[in-house]
Amino acid sequence: MEIKPKILLIYTGGTIGMRRDAGGTLVPFDFSAMYEEIPSLRRLEVDIEVLTMTPIDSSNVMPSRWVELAEIIRDNYARFDGFVVLHGTDTMSYTAAALSFMLENLAKPVILTGSQIPMGILRTDGRENLITALEIAGAQRDGRPIISEVALYFQNRLFRGNRTTKRSAEELSAFYSYNYPPLAEVGVNISYNHTAISKPTEYSDNLQIATTLSDGVVVIKLFPGISESILRAILSVEGLKGVVLETYGSGNAPTSEWFIKVLEEAINRGIIVINVTQCAGGSVAMDLYETGVGLRSIGVVSGHDMTTEAAVTKLMYLLGGNRPNEECRAALEYPIRGEFTPEGVA
Ligand code: ASP
């Protein structure tokens, strides 16, 4: 008898888990009774076990939730071939990026998905997202999983988790990866983009996870008129360790003396400042304009084409690990989980 891949389905909350009760109110869906609700799931070539966390709206997700999830995956790692995480869409890209860093030697699929329309509504996108995510999590080639990284599946596309952004609160195609190609596209068949999929360096049944994340991180989005006193106040907050600076275009910021000085003083106090662009697509290139060169010269680190979600969670991960400041800065210079495209690579 053929052994089917074993998948752990972890339900965390969000719209996908909602159905209408007899009175028409949206109530949580019982995923442990999933086969009764979606009988076609039985036809999938995977064995599914369900684990339900306390369901929450993903706007309430905190790093402690990521730690809980990482621990669940670690504790079940040897017993399962893959993991599907059902998550609210609002912060799914943050959770995907955080897990990509926290699951340090991951060699099995962790696929996040959710839906824009509740599972209990006839026109739901949740059923297709769930079924395909399960199929992808169980997909193997030569006895190894095809996907062995944290990925996000939504509306016919599988993306690298730490490259995604929620781009629409309305369209069913809610997520996109602007700077990295999809890992798979789903039509009549599932077409995997094998050259884009990361290959693990080792296969072990012991998953190493990081469980301490820094809470000393902030995002500062530039806008014309940002005030010196407010910027100075933010950068002087006690406990601040890392700043994701969302700059204009290809990494540009004002050249005013006060602006550069305030940032430089923070960097000299040991605060790490990483430059990501406010644009959805494209990369920071701090040597292109005078407005970027100024930032580089004071020690602002380039975030290349990283999303804000990836930059925030990478900083939380690196700064939470008791690493010396220099080591954190060095780890920001290269992609540790494929989260950015290094210069010179198309
Ligand atoms: N507010 C919901 C959440 O993120 C939205 C959704 O799931 O689509 O949990």
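None of the figures in this text is laboratory data; all of them are computed from the coordinates on show. Because the structure is a prediction, the values reported are computed rather than measured. Glycine also receives a Cβ, built like all others from the backbone with ideal geometry; neighbour counts cover every protein chain displayed.
Normalised Debye scattering of the chain at q = 0.07, 0.13, 0.15 Å⁻¹ gives log10 I(q)/I(0) of -0.31, -0.98, -1.23, counting only Cα atoms as equal scatterers and leaving out solvent.
With a ≥ b ≥ c the root eigenvalues of the C-alpha gyration tensor of the stretch 1-117, is it rounded (a/c under 1.5), prolate (a/b larger than b/c) or oblate? Since a/c reaches 1.5 but b/c is at least a/b, the shape of the stretch 1-117 is classed as oblate.
Determine the distance separating the Cα centre of the stretch 71-104 from the Cα centre of the stretch 1-40; give it in Å without decimals. Here the answer is 18 Å between Cα centres. Working note: Karplus 6.51/-1.76/1.60 with θ = phi - 60° gives the stretch 239-246 the couplings x, 5, 10, x, 10, 9, 9, 8 Hz, where Gly and Pro are set to x.
Residues whose amide H lies under 5 Å from that of Val84, counting only those 5 or more places away or on a different chain, are Leu8, Leu9, Ile10, Ile111; hydrogens are built 1.01 Å from N in the peptide plane.
Just checking the listed ones, Tyr203, Tyr178, Tyr248: in the Gaussian network model of the chain with Cα springs under 10 Å, the one fluctuating most is Tyr203.
Starting from the Cα of Asn60, step 7 Å toward the Cβ, then list every residue of the stretch 20-46 with an amide N under 13 Å from that point. The answer is 28, whose backbone nitrogens lie closer than 13 Å to the label point. Close amide H contacts of Phe175 (hydrogens built in the peptide plane, cut-off under 5 Å, sequence separation of 5 or more or a different chain): Arg167. Overall form of the stretch 137-214: oblate. Here a/c, set by the Cα gyration tensor axes a ≥ b ≥ c, is 1.5 or more, and a/b is not larger than b/c.
Scalar couplings 3J(HN,Hα) for the stretch 147-160, obtained by applying the Karplus form with A = 6.51, B = -1.76, C = 1.60 to θ = phi - 60°, are 9, 9, 9, 7, 10, 10, 10, 7, 6, 6, 9, 10, 10, 5 Hz; x denotes Gly and Pro. Going by the alpha-carbon gyration tensor, a ≥ b ≥ c the square roots of its eigenvalues, is the stretch 230-346 rounded (a/c under 1.5) or, if a/c is not under 1.5, prolate (a/b greater than b/c) versus oblate? Oblate is the answer for the stretch 230-346, as a/c is 1.5 or above yet b/c matches or exceeds a/b. In this calculation the C-beta distance from Lys261 to Arg20 is compared with R0 = 56 Å, giving a FRET efficiency of 0.45. The residue among Asn162, Gly225, Ser198 whose Cα reaches farthest toward the positive pole of the charge dipole of the chain, with charges on the beta-carbon of Lys, Arg, Asp and Glu, is Ser198.
Note that the stretch 259-267 has calculated 3J(HN,Hα) couplings of 5, 5, 5, 4, 5, 4, 4, 5, 4 Hz, one per residue in order, obtained from phi through the Karplus relation 6.51 cos²θ - 1.76 cosθ + 1.60 (θ = phi - 60°); glycine and proline are x. Residues whose amide H lies under 5 Å from that of Phe29, counting only those 5 or more places away or on a different chain, are Met18, Arg19; hydrogens are built 1.01 Å from N in the peptide plane. Pairs with C-alpha atoms separated by more than 22 Å, drawn from the list Lys4/Lys108; Lys199/Lys241; Lys108/Lys166; Lys108/Lys199; Lys166/Lys314, are Lys199/Lys241; Lys108/Lys166. Loop-resident GluC sites (Glu not before Pro) (DSSP state other than H, G, I, E or B) in the stretch 211-275 with no more than 10 further Cβ atoms inside 10 Å of their Cβ: Glu238. Computed over Cα pairs, the Kirkwood radius of the stretch 1-49 leads via Stokes-Einstein (1.306 mPa s, 10 °C) to a diffusion coefficient of 127 µm² per second. Can you list the residues of the stretch 284-323 with backbone N under 20 Å from a point 7 Å past the Cα of Phe223, pointing along Cα to Cβ? Once the point is set 7 Å along Cα→Cβ of Phe223, 308-309 turn out to lie under 20 Å by backbone N, inside the stretch 284-323. On a 0 to 90° scale, report how tilted helix 126-138 is relative to the longest principal axis of the chain, with both axes built from alpha carbons and the result rounded to the nearest 10. That works out to roughly 90 degrees. When +1 charges are put on Lys and Arg Cβ atoms and -1 charges on Asp and Glu Cβ atoms, the dipole computed for the chain relative to its Cα centre reaches about 220 debye. Full extension of the chain segment joining Thr201 with Gln140 gains 20.2 nm, where the gain is 0.36 nm per residue of separation less the Cα-Cα distance. Against the chain, whose longest principal axis is taken from its Cα atoms, helix 63-76 shows a tilt of about 40°.
Exposed loop sites were defined as trypsin sites (Lys or Arg not before Pro) in DSSP loop states (anything but H, G, I, E or B) carrying at most 12 other C-beta atoms within 10 Å; in the chain the longest segment without such a site runs 124-268.
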